[in-house]
Amino acid sequence: MQLKTVSELLSQDIVIPEVEIKGWVRTFRANRFIALNDGSTINNIQCVVDFENFDEALLKRITTGAAIHIKGELVESQGKGQKVEIKVSELFILGDSDPETFPIQPKKHSFEFLRENAHLRTRTNTFSAVMRLRSALSFAIHKYFNDNGFYYMHAPIITGSDAEGAGEMFQVTSLDVNNLPKDDNGKVDYSKDFFGKETNLTVSGQLEAETYAMSLGKVYTFGPTFRAENSNTSRHLAEFWMIEPEVAFMDLAGNMDLAEDFMKSVISYVLENNREDLEFLDKRLQDEDKTKPQAERSDMSLIEKLNFVTDNHFKRVSYTEAIDILRNCKPNKKKKFKYLINDWGTDLQSEHERFLVEKHFKCPVILFDYPANIKAFYMRLNDDGKTVRAMDILFPGIGEIVGGAQREERLEVLKQKMAAINIPEEELWWYLDLRKYGTAVHSGFGLGFERLVMFATGMSNIRDVIPYPRTPQNAEF
């Protein structure tokens, strides 16, 4: 007899005389009905026990969280809510679960409580759905790039450079922190360290990906990145995953085309392949919305937001045009924005980005040609001398989700930009070499994977879309 998954059995509409399944008990009621789940689907399968044929001591061990092995007949269900159920003939307890101490009882738990029990939270419907969607999105990303001729590149996790120039990096060292070697100036002598220099955990694989794009043509990274930003907001993690494609001979327009096609593709994938999980999370959000004041309720359901992305053309708007729209819009004039828009050069906030998407254009938006002084040094300077060929994709409910740019391919211009923010040329000598030997137009973008998972699941806190969140003062599990 072949072991089946809950998902496989629930898809059947015929009687099967002998089936075998293993999973975890969600509930056991009336000493008769077991709701069993094995992680393969949001749905449980009902297993019906004739308690008169089973030992009472065995039945007492069928508790929430217990792992069990069931053999029986798959039959048409007599009750509502499921097409089929298992009429149990044999039952074995694989692992007991003490009902007095098991934290994930069949009742509503706060997300804060579940974060404290992150090792068990995927036993709940919400988190099992979120993590199945996370897995599906990851697969969809790799599939998209593979289907479109990209090569997957593993960027280094340990690096000597700060790609973003923000300085918020975790230091990597093998030195004895209680007995640090010092140089003649009294500073830490990193020549004695493992790598012979100061090193950190990476904040981005972009710069290394550029080097591979300039020989392999089309590459992408998808790996862990780290930022030592002392932020406890619902949008920040110290450890997170980034997707960063880089393409040789592609300009800003091509970059926007790629990013739009990519986002539509991965979201279409989960709409097609993870419908049950999405419908469950959609209902959860709608129920949550009913408890909020009318002004705080979402204009769109979760699935409507996802279709909003896949069904609409992304409107392309220059930063300058967006500033004019925002400066003259009603929320700005009536001072309804928390951050008022007055001058060109202002960095946009989430409320501004969402206004453009949800109220003004009513479609996803790509903003481009940002002021140079609010963007990174590696972005291509425009002929006006004050804007760069940057682009951000804005989505409903979340604002910016993708950030990218055409890269600065001109050696002297890049040197000047690095000097202006005190990045030593010797630190990025290899990056400058790309501009010496066969330089060409090239572009790419970055997508924070957890931001995508938040959007696709409707979860409002980034700590709830990664298995074990790393935040200030928290590295549990």
**Study point:** the chain: calculated mean residue ellipticity at 222 nm from DSSP helix runs of at least 4, using -39500 (n - 2.57)
**Key:** -8500 deg cm²/dmol
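In square nanometres, what is the average projected area of the Cα convex hull of region 1-105?
For region 1-105, averaging the hull's shadow over all directions gives 6.5 nm².
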Exercise for review: Kindly report the accessible area of region 174-273 per residue (heavy atoms of protein chains, probe 1.4 Å, no ligands, DNA or RNA), in Å².
Suggested key: 48 Å²
Check your understanding: Farthest toward the dipole's positive end in the chain, which of 455, 7, 294, given Cβ charges of +1 (Lys, Arg) and -1 (Asp, Glu) about the Cα centre?
Key -> 294
Review point. Under the Karplus relation 6.51 cos²θ - 1.76 cosθ + 1.60, θ = phi - 60°, what is the ordered set of whole-Hz ³J(HN,Hα) values for region 458-472, x standing for Gly and Pro?
Key: x, 5, 9, 10, 4, 5, 9, 10, 10, x, 9, x, 10, 9, x
Practice item. Could you pull out every one of the aspartates and glutamates with an alpha carbon less than 15 Å from that of residue 4, ignoring same-chain neighbours closer than 8 positions? Key: 13, 18, 20, 38, 73, 85
Revision key, fill the gap. Note on region 143-267: C-alpha Rg/Rh, Kirkwood Rh, two decimals, gives 1.08
Review point. For the chain, what's the relative contact order in percent, using C-alpha pairs closer than 8 Å and at least 6 residues apart?
Key: 13 percent
Point to revise | Options (1) 30.7, 103; (2) 30.7, 108; (3) 26.7, 85 - which one matches Rg and Dmax of the Cα atoms in Å as calculated here | key: (3)
Exercise for review: Please work out the Kirkwood hydrodynamic radius for region 328-477, using every pair of different C-alpha atoms, and report it in angstroms with one decimal place.
Suggested key: 18.0 Å
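Residue 184 to residue 283: extension gain in nm, 0.36 nm per residue of separation minus the Cα-Cα distance?
Separation in residues times 0.36 nm, less the Cα-Cα distance, equals 29.2 nm.
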Practice item. Return the lysines within reach of residue 197: Cα separation strictly under 29 angstrom, same-chain partners fewer than 8 residues apart disregarded; answer none if there are no such residues. Key: 182, 187, 375, 415, 417, 436
Review point. Arranged from highest to lowest average of other beta-carbon atoms within 10 Å per residue, in what order do the peptides 264-276, 241-253 appear?
Key: 241-253, 264-276
Point to revise | Set of lysines near residue 362 by C-alpha distance (under 25 Å), chain-local residues within fewer than 8 positions excluded | key: 264, 283, 290, 292, 305, 315, 330, 333, 334, 335, 336, 338
Revision key, fill the gap. Inter-part gap, Cα centre of region 367-421 to Cα centre of region 156-218, in whole angstrom, is 24 Å
Study note, to complete from the structure: Between the residues 190, 137, 106, the Cα farthest towards the positive end of the dipole of region 79-194, that dipole coming from +1 and -1 charges on the beta-carbon of Lys, Arg, Asp and Glu, is from 106
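The values are calculated or read from the model by the stated rules, or taken from the named source; none is laboratory data. Please read all numbers here as calculations on a predicted model, not as lab measurements. Using ideal geometry, Cβ is built from the backbone for each residue, glycine included, and neighbour counts are taken over all protein chains shown. What goes into the accessible areas is simple: the full protein's heavy atoms, side chains included, and nothing from ligands, DNA or RNA. Shrake-Rupley method; radii C 1.70, N 1.55, O 1.52, S 1.80 Å.
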